[in-house]
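One structure is given below, encoded as structure tokens.
The values are calculated or read from the model by the stated rules, or taken from the named source; none is laboratory data. Keep in mind it's a predicted model, so treat the numbers as computed, not measured. As a convention, Cβ positions derive from the backbone with ideal geometry for all residues, glycine included, and neighbour counts pool all protein chains shown. The accessibility values were calculated without ligands, DNA or RNA, using every heavy atom of the protein model including side chains. Shrake-Rupley method; radii C 1.70, N 1.55, O 1.52, S 1.80 Å.
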Amino acid sequence: LPPVATQGLLGEYFPNEEWSAPPALARIDPFLSIYFHLTPLPRPYTVRWSGSLVVPQTGVYRLQLRTVGNAQLFVDGQSVLHTNMPGVPFEQVLSLTAGLHPLEIKFLDNVARSEIRLTWTPPNEEIPRPIPPENLLPPTGSAWQPFAQTPTAATFEPKPLTFDYRMTLADGLREPRDIAVRGDGTIFVADS
């Protein structure tokens, strides 16, 4: 039921090594800090994530991409990063203006331990962190995009998420992968 939150990037998963259509799976991935414990498709497969990066303020941003497998990052239609060494972070410094910037990531998973991590370091910050879902939008004008007009950075107001803490796990969460909220407010966390 509305409202349906669609922050994140459109991920199109292809059952081949060439990103050849049609995709076997398409979904909105809220952020790209993913370790595929169970791969979405048998290897080798490829993924193309597309959408827009919502830049909250003009400034210098450090974008970092780390994968197991190969990946390429495009910003504003230009290739800015290409990973070719598993587990090694590759970084690019970009001067970005406030607003929307087309973003695309192409990922080839043909080795064990499927992983991709896209992080950024905004202006006046020192430590890279995953790009939050509110700063990622699926392609505008598609069925995935609920906005009647192209949103701006001012459109988004973060809202706090509160938890009703009910139980203690002996060892805590090990590697949380996803979260979902049922209509009655029950929160489910998928943990490896």
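Could you check segment 35-75 and list, in sequence order, the residues that are open to solvent by 40 Å² or more (accessible area, probe 1.4 Å), outside any strand (DSSP E or B) and hydrophobic (A, V, I, L, M, F, W, C)?
Hit for segment 35-75 is LEU38, nothing else.
If a residue has to be of a type in the set (A, V, I, L, M, F, W, C), more than 24 Å from PRO128 (Cβ to Cβ) and either touching a helix residue (DSSP H, G or I) at 6+ places or on another chain (Cβ under 6 Å) or touching a residue at least 40 places away in the same chain (Cβ under 8 Å) (or both) to count, how many in segment 9-40 make the cut?
1
Look at SER20 and say whether it is farther than 25 Å from GLU175 by Cβ, surrounded by fewer than 21 Cβ atoms within 10 Å (Cβ to Cβ) and of a type outside the set (Val, Ile, Thr).
So SER20 passes the test.
Output the qualifying pairs, or none if there are none: Cβ atoms under 8 angstrom, residues six or more apart or on different chains, first residue in segment 66-77 and at positive phi and in contact (Cβ under 8 Å) with a residue 24 or more places away in the chain, second residue open to solvent by 10 Å² or more (accessible area, probe 1.4 Å) and not in a loop (DSSP other than H, G, I, E, B).
Matching pairs, first to second residue: GLY69/LEU108; GLY69/GLU115; ASP76/HIS101; ASP76/PRO102; GLY77/PRO102.
So, ILE127, is that one open to solvent by less than 90 Å² (accessible area, probe 1.4 Å) and modelled with pLDDT of 70 or more or not?
no
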